[in-house]
Amino acid sequence: MAAVKEQDLRSVVNRIVDQVRITDVHTHLYTAGFGDMLLWGVDELLTYHYLIAETFRYADVNYDEFWKMSKKEQADLIWKTLFIDNSPYSESCRGVLTVLHELGLDVSSRDLDAYRQYFADKTVDEYVDIVFEISRVKNAVMTNDPFDEKERAVWEKGVKKDERFFAALRIDPLLINWENVWSKIKSWGYNVEESLTEDTYAEVRRFLSDWIEKMDAVYMAVSLSNKFRYPDDSVQAKLIEHCILPVCRDKNIPFALMIGVNRQINPDLRLAGDAVGKSDIEAVNYLCANYPKNKFMVTMLSRENQHELAVTARKFRNLLIFGCWWFLNNPSIIDEITRMRFELLGSSIIPQHSDARVLDQLIYKWSHSRKIIANVLYDKYKDIMDAGWVLTEEEIQRDVEKLFGGAFWDFLNKKL
C-alpha cells in the first residue's frame with residue numbers, strides 16, 4: 001500500500017469522498033410504491049417549507065391567500081420572489097439551483113416552465129433511478145408512521161419492495177399525543193386503555209413489535225421538543241420506559257431521538273411554523289447510562305447543544321450521533337460541527353443525513369455536504385501528516401466508507 005504524498009492529499013480525499021456510495025440514515029422519502037406520498041419535481045422543491053418561510057419575509061401576500069393557491073401558483077410566487085426579485089443564495093434556494101444544474105438543465109435561462117417540462121417527461125421509477133445515480137446514494141432510510149392512515153393502508157395492502165429503501169418506525173403520535181391515539185390502537189385489535197396499566201404496556205409493546213416486523217424497521221424514531229426531560233412522571237416518559245426501550249432492546253434496534261423542536265411558534269406557517277430551542281442533555285446522559293443494553297441514535301437541533309452531545313458520545317459506546325439536522329443544515333454550521341465531532345470522536349459518527357422530504361433534495365444535500373466533509377477531512381489528514389503520520393489511499397477509503405454509512409451498519413450490527 002503506497003503512501004499518499006502531501007501534494008496529492010487533497011485530490012485523493014476529494015475523489016474518494018465524491019465517489020463513495022452513501023447510506024442516508026434519515027429521510028422522509030418513500031418508495032414509488034407509496035404513490036403520491038413520494039414527492040418529486042420542481043414544484044415540490046419550490047414549495048418545500050424552508051422556501052415557504054423564506055418567501056413570507058418578502059412577498060406581499062397573507063397566509064390565507066397563500067394557502068388557497070394551487071401548488072403551481074405557490075411555486076410561481078416563490079420562484080418570482082426568491083429567484084427573480086432577489087438573488088437565490090440562501091442554502092434552500094441554492095439547493096434548488098444545484099438540483100437543476102446537476103440534472104443538466106440550464107439554470108441561467110431562469111425558465112421555470114422548461115424545468116417543469118423536464119419532470120413531466122419522466123416516470124417516477126425512472127426519476128428515482130436518476131436521483132440515486134446523480135447523488136450516489138446507495139440506500140436510504142425512510143420515516144414510516146403507522147398512525148398516518150394513508151401510509152398505513154399501503155403497508156396493510158403490501159407495498160412493492162425497492163431494495164434501496166429501508167424503513168424506520170416513527171412513533172411521534174404515540175409519545176406526544178397518547179390521549180388521542182390510544183383509541184386508534186384499540187380499534188386495531190390491541191387491548192389498550194388510556195390509563196397506563198401493565199396490560200396496556202404489554203399491548204403497546206405488541207403493537208410496536210408487530211409494526212417493526214411488518215416494516216422490517218432498522219430503528220425506531222421520534223422527534224421531541226426542546227422541553228423533553230427524562231426521567232419524569234409524564235405519560236411520554238412512562239411509555240419510553242415500559243414500551244419503547246424494552247421493544248428496541250428485544251429487537252436489537254436503536255431508539256433514534258431527534259431533540260430540539262420548538263413546535264408551531266407561528267401556526268400560520270403550518271409545516272414551516274416550527275422553530276428551535278436549546279435542550280437538556282441530561283436526558284441523553286441518563287438514557288445511555290441507565291440502559292446500557294439499548295442503542296441510541298441522537299441528533300439535536302440547537303447549535304448550542306452540539307459540543308455537549310459530542311462529549312456525551314465519548315462516554316457511551318451505545319450512542320451514535322448523526323447529522324446536522326434541519327436548521328443546522330447550513331454550510332458554515334456543518335463545517336463547524338463536523339470539525340468538532342471529528343476532533344472528539346474520529347470516524348465513529350454519522351456526519352450527515354439528508355432529512356430529505358422531496359426526492360430531488362438528495363442531489364443537493366449530498367453534493368453540498370460531500371464538499372464540506374471532504375474539506376474537513378483534508379485538514380485533519382494534513383494535521384496528522386504534519387506530525388509524521390503516513391497515510392495510504394486504502395486507509396482514507398476505509399475512513400470515508402465508515403463516515404458515509406459503514407458506522408451506521410456497524411452500530412446496527414447489520415451487514416448488507
Filtering the stretch 146-189 for residues that are hydrophobic (A, V, I, L, M, F, W, C) and free of Cβ contacts under 8 Å to residues at least 40 places away in the same chain leaves a count of 6
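Under the condition of being small (Gly, Ala, Ser) and surrounded by fewer than 21 Cβ atoms within 10 Å (Cβ to Cβ), which residue from the stretch 363-391 is farthest from residue 310 (Cα to Cα)?
In this case the residue turns out to be 388.
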Sort out which residues of the stretch 33-73 are farther than 30 Å from residue 165 by Cα, over 23 Å from the mean Cα position of the chain (by Cα) and assigned to a helix (DSSP H, G or I), and write them in order of number.
-> 55, 63, 64, 65, 66, 67, 68, 73
Using beta carbons and a limit of 7 Å, which pairs, at least six apart or on different chains, have the first residue in the stretch 319-333 and closer than 18 Å to residue 222 by Cα and the second one aromatic (Phe, Trp, Tyr)?
-> 319/296; 320/411
Within the stretch 74-93, tally of residues that are surrounded by fewer than 16 Cβ atoms within 10 Å (Cβ to Cβ) and in a helix (DSSP H, G or I) | 2
In the stretch 1-32, which residue that is among the charged types (D, E, K, R) and in a helix (DSSP H, G or I) is nearest to the chain's Cα centre (by Cα)?
-> 18
Go through (1) over 21 Å from residue 282 (Cα atoms); (2) in contact (Cβ under 8 Å) with a residue 40 or more places away in the chain and name the single condition residue 239 misses.
-> (1)
Could you tell me whether the stretch 351-362 includes any residue that is crowded, with 18+ Cβ neighbours inside 10 Å, in a helix (DSSP H, G or I) and among the hydroxyl-bearing types (Ser, Thr, Tyr)?
-> no
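Residue-wise test of (1) in contact with a Cys (Cβ under 9 Å, 6 or more places away or on another chain); (2) of a type outside the set (Gly, Ala, Ser); (3) crowded, with 17+ Cβ neighbours inside 10 Å; (4) more than 17 Å from residue 244 (Cα to Cα).
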position: 142; (1), (2), (3), (4): no, yes, yes, yes
position: 150; (1), (2), (3), (4): no, yes, no, yes
position: 153; (1), (2), (3), (4): no, no, no, yes
position: 160; (1), (2), (3), (4): no, yes, no, yes
position: 174; (1), (2), (3), (4): yes, yes, yes, no
position: 192; (1), (2), (3), (4): no, yes, yes, no
position: 201; (1), (2), (3), (4): yes, yes, yes, no
position: 208; (1), (2), (3), (4): yes, yes, yes, no
position: 213; (1), (2), (3), (4): no, yes, no, no
Find all pairs meeting these conditions: Cβ atoms under 6 angstrom apart; at least six residues apart or on different chains; first residue within the stretch 33-47 and under 11 Å from residue 124 (Cβ atoms) and in contact (Cβ under 8 Å) with a residue 60 or more places away in the chain; second residue in a helix (DSSP H, G or I) and charged (D, E, K, R).
-> none
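A short reminder: the numbers here are calculations on the coordinates, not readings from a lab. Please read these numbers as outputs of a predicted model, since none were measured by experiment. With ideal geometry, Cβ positions are generated from the backbone for all residues, glycine too; neighbour counts draw on all protein chains shown.
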